[in-house]
Amino acid sequence: MQAVLFTSANAARAFAAASARRDIAVFAVGASTAAAAQKEGFQRIESADGDVEALAASVGGQLEPKNGRLLHVAGTAVAGDLSARLSAEGFDITRTVLYRAEMAKKLPNNVILGLKQGEIDAITFFSPRTAAGFAELAAAAGLEDACRDVHAVCLSAAVAEKLAGIGFLSVGVARKPDQDHLLAALDTIST
């Protein structure tokens with residue numbers, strides 16, 4: 001195996017729990033995923049500092065298909081098609097699912113109460129899946145009006161699209177799809 005690719009911090013933790021190997025090259029989608037890999041003891045880590053497209057570009061720019069197989073460690077739901085993108089460049093890539101993220105059945109009571117009482121100023125959304133899940137659960141709880149006084153801050157435009165039906169006070173998008181830029185976008189809202 002030439003390298004392992006992590007598209008989330010959960011992937012880094014799941015692979016570390018499943019394998020004792022720490023000598024393999026790691027390509028991480030962003031800084032928080034790279035930090036999780038480093039915390040798990042991996043030494044050779046490259047961060048794409050972006051999204052799946054940035055990760056594919058990083059792998060394609062630094063590795064050669066002839067040098068061996070790639071392993072993409074992921075959860076049951078993934079954003080983008082990393083395997084298809086790298087396969088098109090001639091890489092032999094295998095995606096393995098090592099964890100599952102399950103959507104909540106309803107919003108926690110403290111979140112519902114906080115929204116209804118105007119105690120929540122902003123909500124951050126990191127993935128299209130979680131944004132869509134929140135939109136569905138907020139509608140089911142009758143929170144559309146409560147969300148009109150709340151700012152939404154999204155990791156990417158694809159995340160923001162999933163919130164279209166909610167009617168937030170504002171919907172901001174990080175300049176780059178990583179946690180630091182999302183937090184910087186959060187800092188720019190007026191509460």
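Quick note: the coordinates plus some simple rules give every number you see, no bench work behind them. Remember, predicted model here, so these are calculated numbers, not experimental data. Backbone-built Cβ (ideal geometry, glycine too); neighbour counts: all protein chains shown.
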Completion exercise
With the 8 Å Cα cutoff and a minimum separation of six or more residues, the chain has a relative contact order in percent of 16
Problem - Label-point gap, in nm, between residue 180 and residue 84 - each point 7 angstrom along Cα→Cβ - result: 3.1
Handout entry: Karplus-derived HN-Hα couplings along region 16-33 (A = 6.51, B = -1.76, C = 1.60, θ = phi - 60°), whole Hz, x at Gly and Pro
Key = 4, 6, 8, 9, 7, 5, 10, 8, 7, 5, 10, 10, 10, 5, x, 5, 5, 5
Completion exercise
For region 124-191 the trypsin sites (Lys or Arg not before Pro) that pass both the DSSP coil test and the at-most-15 other-Cβ-within-10 Å test are 148, 175
